[in-house]
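What follows is a short report on a single structure.
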Amino acid sequence: MSMASFNLKLHELSEIFPLMNDNEFGSLKKDIQNNGLFEPIKLYEEKILDGRNRYNACRELDIEPSFSDYVGQDPLAYVISENLRRRNLTPFSRVEAVLKLEPIYVAKGREKKIESGKKYGERHPKGEEVYQNSDKPLIDTLQELAELADVSRDTVARVKHIINSKYFTEKMREKLRRGETLINSVYLNILREERGVIETIPLPEGKYNVIYSDPPWKYGDKLIEGYGAAEHHYTSMTIQELCDLDIKSIVGDNAVLFLWVTSPLLEECFSVIKAWGFEYSASFVWDKIKHNWGHYNSVRHEFLLICIKGSFPKQNKELHDSVISIERSEEHSEKPEYFRDEIIEKMYPRGKWIELFARYDKGKREELEKRGWTLWGAQV
């Protein structure tokens, strides 16, 4: 046996998929011991491209492996195809593997963007296309990865969140890889750990007169693997739980509330408005451009209600369009910054601003706080 056979390095593409578990590897070793190595190990650039498990089995069995060179044009596609064909991987394992390709797909998307010169995924609030100053790729990277793994885009997003969470453990990883627990179950448990129960977060001291809020409305929709129910994405609250929050204690005598709400909860939200001490006055309609599934129609809009307490007229003369068209992102419930930055701040430049249920990472929170915002809500 040639010792050189067992001094080969692994190609980086060979490590996209996880190694077999002990039971799988034991079965592979037994098969090779009894029947020999039928399928040669593939080499590319003088490294192992496909067949790490067979290579390790041969080494442990002291059997000389056979090799063949990969001669195709797309080694990445080859590795994905071979592993998905041969192995009975769980949805988590497939997504975990393809997420390693995200930097490659992001780079491809940026190359396409440079070639086209177009800005993907956003529009000017009045609808005109804008083509410059964007780092967003021309392709939907998560959608591309979802198609590779044969799962939904939401599933890829949730697995990515799980893997990046500080609450994710190796024990969770192994259970997910073996299919002993559902992606949604782990995802929701991690969200609860990260964000906690919102009622336990103390309200800030002081009085505010510009309140911006995107409540975690509870819709009552069932959790379905692969479908984007609200509870997949954050810990939601009932109308009564929202009404019971002591928001009145932090609101000045004269104030304005900008409240996000969707069509299904339009009627119910008025209970929250009144409980917080406001009266409805006007609204903006966010035209999301992309459509969402709905019970009665294909939904592409959301409401930003303007509610007043006392007397609090806007502080400049500019009138904003009541319908704002900005293509929604793929992040669940993410609102365009335009509404906060270009509408609320400009309508009330001298206001004392607070955002309720703020769900931002540390960097974004620091940026907004420097601009004068108080943020109430758990950091994500």
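The values are calculated or read from the model by the stated rules, or taken from the named source; none is laboratory data. Predicted, not measured: the structure shown is a model, and the values here were computed from it. Virtual Cβ from ideal backbone geometry, glycine too; neighbours counted across all protein chains shown.
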(message) Just checking, does segment 88-98 include any residue being under 24 Å from Asn164 (Cα atoms), modelled with pLDDT of 75 or more and among the charged types (D, E, K, R)?
(response) yes
(request) Can you tell me which residue within segment 31-52, out of those that are part of a helix (DSSP H, G or I) and in contact with a helix residue (DSSP H, G or I) (Cβ under 6 Å, 6 or more places away or on another chain), is nearest to Pro103 (Cα to Cα)? (result) Arg52
(request) Give the residues of segment 1-28 that are out of contact with any Leu (no Cβ under 6 Å at 6 or more places or on another chain), more than 19 Å from Leu89 (Cα to Cα) and either surrounded by fewer than 14 Cβ atoms within 10 Å (Cβ to Cβ) or not hydrophobic (A, V, I, L, M, F, W, C) (or both), sorted by residue number. (result) Met1, Ser2, Met3, Ala4, Ser5, Asn7, Lys9, Leu10, Glu12
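What about Glu180, is it farther than 30 Å from Lys352 by Cα, at pLDDT 80 or above, exposed (fewer than 14 other Cβ atoms within 10 Å of the Cβ) and of a type outside the set (Ser, Thr, Tyr)? Lay out the reasoning, then the answer.
Values: farther than 30 Å from Lys352 by Cα: yes; at pLDDT 80 or above: yes; exposed (fewer than 14 other Cβ atoms within 10 Å of the Cβ): yes; of a type outside the set (Ser, Thr, Tyr): yes.
Judged against the criteria, Glu180 is a match.
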(message) Please count how many residues of segment 278-297 are buried (at least 16 other Cβ atoms within 10 Å of the Cβ) and acidic (Asp, Glu).
(response) 1
(message) Can you tell me which of (1) aromatic (Phe, Trp, Tyr); (2) touching a residue at least 60 places away in the same chain (Cβ under 8 Å); (3) over 17 Å from Val210 (Cβ atoms) is the one Phe303 doesn't meet?
(response) (2)
(message) Take the conditions touching a residue at least 60 places away in the same chain (Cβ under 8 Å), hydrophobic (A, V, I, L, M, F, W, C) and either in the same structural domain as Leu182 (by TED's automatic domain parsing) or closer than 28 Å to Lys30 by Cβ (or both) and apply them to Leu84. Does it pass?
(response) yes
(request) Filter segment 238-251 down to the residues that are surrounded by fewer than 22 Cβ atoms within 10 Å (Cβ to Cβ) and part of a helix (DSSP H, G or I), then identify the one that is modelled with the lowest pLDDT. (result) Glu241
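Could you say which residue among Arg328, Arg300 is at pLDDT below 95, of a type in the set (Lys, Arg) and surrounded by 18 or more Cβ atoms within 10 Å (Cβ to Cβ)?
Arg328
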